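The values are calculated or read from the model by the stated rules, or taken from the named source; none is laboratory data. The shown structure was predicted, so the numbers you read here are calculated from the model rather than taken from an experiment. Here Cβ is always computed from backbone atoms with ideal geometry, including for glycine, and neighbour counts include all displayed protein chains. Side chains are part of the model used for accessible areas, which takes the heavy atoms of the whole protein and leaves out ligands, DNA and RNA. Shrake-Rupley method; radii C 1.70, N 1.55, O 1.52, S 1.80 Å.
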Amino acid sequence: MKQVDAIKLDKLAGVRIKEKDTFAFRCYAGIGCFNRCCRNLNLFLYPYDVVRLKQTLGISSDEFLDTHVDVVLRPQNFFPEVLLRMSENDEKTCPFLAESGCLVYPDRPDTCRTFPIEQGILFDADTKKNTPVYFFRPPEFCLGQHEAAQWTISSWTDDQEAEYYHKMTIRWAEIKRMFQKDPWGQEGPQGAKAKMAFMAIYNIDQFREFIFQSSFLRRYRVKSAILAKIKTDDVELLKFGFEWVKFFLWGIKSKKLKPR
Ligand code: SF4
Ligand code: SF4
């Protein structure tokens, strides 16, 4: 999910698809390019993607991060990107790709669902509103773009069961935007605070341990109903993590927690 600058909107690659616009696309097993798109990718994983993938794989978030991602801190960025690590074969295939297709299809990441559309977030500094923007950007080899089926963003989102993914990605993008300014001070982006924020956002099993097995609950008051949820529900825990990071780094108050 790119943060998009209004001035550069028309200069971005691809065709912008607005609410009522349509685009042609169909992908199916047996199409000439089947699976060609699932290789050699810079596939960004958002926090909710990691929750869904680690759940479907039946492993902890820690193990998932160790095994499947590269964490990259780009210059002038203050929070790292998390990319799915491609397999070490000549074609650098996605680790979840099989001849029959995607092995994690019901839990595939937001970017895979949205493809061949790319989403961005347009932030209006005056109104402080975030608006999603969409671009049709299939690679040349993708034959699906020559099929007859027509979609709007809305019908495509429904078809791909992507609505909740988009919602969670936008929620994260709003926080990610805050990292355009350095929140770390002298500690820098490798310091203890940065490690804790990363844990709350991406390593939620470890974050759960941190909440329930450290002094966290002596430092923060959290309603028992919320505690009961986050004890077992990864998605609730992720949302709680978003709130905690906003409070921890920028002092943004939340109904979910209060300092003691
Ligand atoms: S390249 Fe396009 S049509 Fe071919 S498998 Fe990928 S998404 Fe489907
Ligand atoms: S997760 Fe699935 S859909 Fe996404 S790149 Fe990998 S194999 Fe393809």
Once you place label points 7 Å from the Cα toward the Cβ at residue 187 and residue 18, how far apart are they in nm? 4.5
Give the residue from 44, 179, 139 lying farthest towards the positive end of the charge dipole for the chain; charges sit on Cβ (+1 for Lys and Arg, -1 for Asp and Glu) and the dipole is referred to the Cα centre. 179
Given the Cα-Cα distance of residue 59 and residue 260 and 0.36 nm per residue of separation, how much length would full extension add, in nm? 69.0 nm
If I compute solvent accessible area with a 1.4 Å probe over the protein chains, what percent of it on region 67-188 is carbon and sulfur? 50
Sorted by chain and then number, the residues having a modelled amide H within less than 5 Å of the amide H of residue 33, at least 5 places away or on another chain, are 143
If you fit an axis through the alpha-carbon atoms of helix 234-250 and take the longest principal axis of the Cα set of the chain, what angle between them do you get, 0 to 90°, nearest 10? 60
For region 124-260, the Cα gyration tensor yields equivalent-ellipsoid semi-axes (√(5λ), largest first, whole Å) of 35, 19, 15
Using Cα springs under 10 Å in a Gaussian network model of the chain, which residue among 21, 90, 62 shows the largest mean-square fluctuation? 90
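For the chain, what is the Kirkwood hydrodynamic radius in Å, using each pair of distinct C-alpha atoms?
Roughly 19.9 Å, rounded to one decimal.
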Cα-based helix-to-principal-axis angle, 163-178 vs the chain, degrees rounded to 10: 60
Bins of 5 Å, beginning at zero and ending with the bin holding the largest distance: percent of Cα pairs per bin for region 185-259, please. 3, 16, 28, 29, 16, 6, 2, 0
So for the pair residue 77, residue 143, with labels modelled 7 Å out along Cα→Cβ, what separation do we get in nm? 3.5
Using only the alpha-carbon atoms, how far is helix 204-213 inclined from the longest principal axis of the chain? Give it as 0 to 90 degrees, nearest 10. 10
Over the chain: helical MRE at 222 nm, DSSP H runs n ≥ 4 each giving -39500 (n - 2.57), nearest 500: -11000 deg cm²/dmol
Gyration tensor verdict on region 76-180 (Cα atoms; rounded if a/c is under 1.5, prolate if a/b is larger than b/c, oblate otherwise): oblate
State the Cα centre-to-centre distance between region 36-66 and region 125-201 in whole Å. 15
Extending each Cα 7 Å along its Cβ direction at residue 253 and residue 222, get the distance between those two points in nm, one decimal. 2.1
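Taking the Cα centre of the chain as origin, work out the dipole magnitude from +1 charges on Lys and Arg Cβ and -1 charges on Asp and Glu Cβ, in debye rounded to 20.
1520
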Could you pull out every residue, at least 5 positions away or on a different chain, whose amide H is within less than 5 Å of the one on residue 39? Hs are placed 1.01 Å off N in the peptide plane, and Pro or chain starts have none. 94
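Equivalent ellipsoid semi-axes for region 1-134, as square roots of 5 times the alpha carbon gyration tensor eigenvalues: give them largest first, rounded to whole Å.
27, 21, 14
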